[in-house]
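Okay, structure first, notes after.
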Amino acid sequence: MFTRVRSAAALLTLVAVSTLSAPVAAKAKREPATARPVVAEILMDAGTGRVLRAHNADVPTYPASLTKMMTLLLTFEALDRGQLQLDQLLPVSYRATTMAPSRLGVAPGDSIRVEDAILALSTKSANDVAVVLGEALAGNEVSFAQAMTKRARDLGMTRTVFRNASGLPDRAQRTTARDMAILSRVLVRSHARYYPYFSRRSFDWQNQTVYGHNRVLDRYDGMDGIKTGYIAASGFNLAASASRDGRRLIAVVLGGESAGKRDRRIVELMDSGFRNQAPEKPADALVAAGTPGARPAAGTGAAVARTGAWAIQTGVYGSLQAARQDAETARRSLGALAAGAKPTVQQSGSLYKAQLVGFDGASARSACQSLKSTKADCIAVQPRP
């Protein structure tokens, strides 16, 4: 909760402002001049990383508020390290309050809980709060942008450069549809605890409801994220993910002429993926389980799981359905490494743990090592004595 309360009228004015549509704040670089935004798209199977469709996927353009996906990724990783806590209060600097809309409307000297900051980015796309997070994690936004770019390189986002935490216009801040799909996949697969924040349509702040920008969440069955964005130089951007029947797809559309056209293209891509494509096994699972005389391909490190009492845990979710989907996705991704293993969900209070059971100790550790190599979460769970 913030330490300073705004009037309801002021808040409603703030909520009405569209994402990144106002003039750039003081000290921000002028928006890049361009005749027409780059139009690019990509459709990816989240389980295998296989690209199903692509157009201009490696052509550089501007990320706009998709930038906040990396800001949130670094926030999630800081939470996992214990550097931040969800209830921790973060100070609001004067510089943060000078950012152009969209803003939440915090004032210098205010403070904001980490969880509220996450929701302000995932729903409202608040530029002022993005700076608050960047300053909390790296001391200043410049250093934070350098950390963002380094993390992008670590993930294989070779054509992405970040210059700020929000996505406000900067000539040097660039990305591609493929790089945004890579980032989306990491958020989906490696941060199951926090990914549900991207499916929030709204959140409450100071006794008011702040609504989000992603309209596809309400219109497409199985859609649960991820992020919208817009500046004039980029056009209308959207990174999206949806899951149906245990299979998850990621679609990224950049350079849409309007929010409506961008959203319709996302739906078209998703429909084509769910309708026409079957998931492909990853490279380390080329040998099908149960094939007579089949042996793991040399050099892949694959080892067929033997029936046992060990399990691997791939995520913890707030819903039973999400946990089931994650367990099934992990099974498909592991291929031969999960032969004989069974997807299951273990309930712990209000949380649901996605697991695969039926490993011995060695095969459980091998399966987790394979998943972790793709930046996915995994722990080997030893049977109780």
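The length gained by stretching the chain between V142 and D204 to full extension, at 0.36 nm per residue less their Cα-Cα distance, is 19.3 nm. Taking 7 Å steps out from each Cα toward its Cβ at R275 and E77 produces label points 3.9 nm apart. For segment 115-196, the normalised intensity computed at q = 0.16, 0.19 Å⁻¹ comes to -0.65, -0.94 (log10 of I(q)/I(0), Debye sum over alpha carbons, equal scatterers, no solvent). A cut-off under 12 angstrom between Cβ atoms defines the neighbours of P63, and their net charge, with Lys, Arg +1 and Asp, Glu -1, is +3. Which shape class, rounded, prolate or oblate, goes with segment 164-275 when its Cα gyration tensor gives a ≥ b ≥ c as root eigenvalues, a/c under 1.5 marks rounded, and past that a/b bigger than b/c marks prolate? Rounded.
How do the peptides 253-261, 235-243 rank, highest first, by the average count of neighbouring beta carbon atoms within 10 Å per residue?
235-243, 253-261
Given charges of +1 on the Cβ of Lys and Arg and -1 on the Cβ of Asp and Glu, with all other atoms neutral, how large is the dipole of segment 32-185 about its Cα centre, in debye to the nearest 20? If you can, show how the numbers build up before the last one.
On the way: 18 positive and 15 negative charges, 119 e Å.
Approximately 560 debye in magnitude.
Any read-out appearing in this document is the output of simple, stated calculations on the displayed coordinates, not a laboratory observation. These numbers come from a predicted model, not from an experiment. Cβ coordinates were reconstructed from backbone atoms using ideal geometry, including for glycine residues, and neighbour counts include every protein chain displayed.
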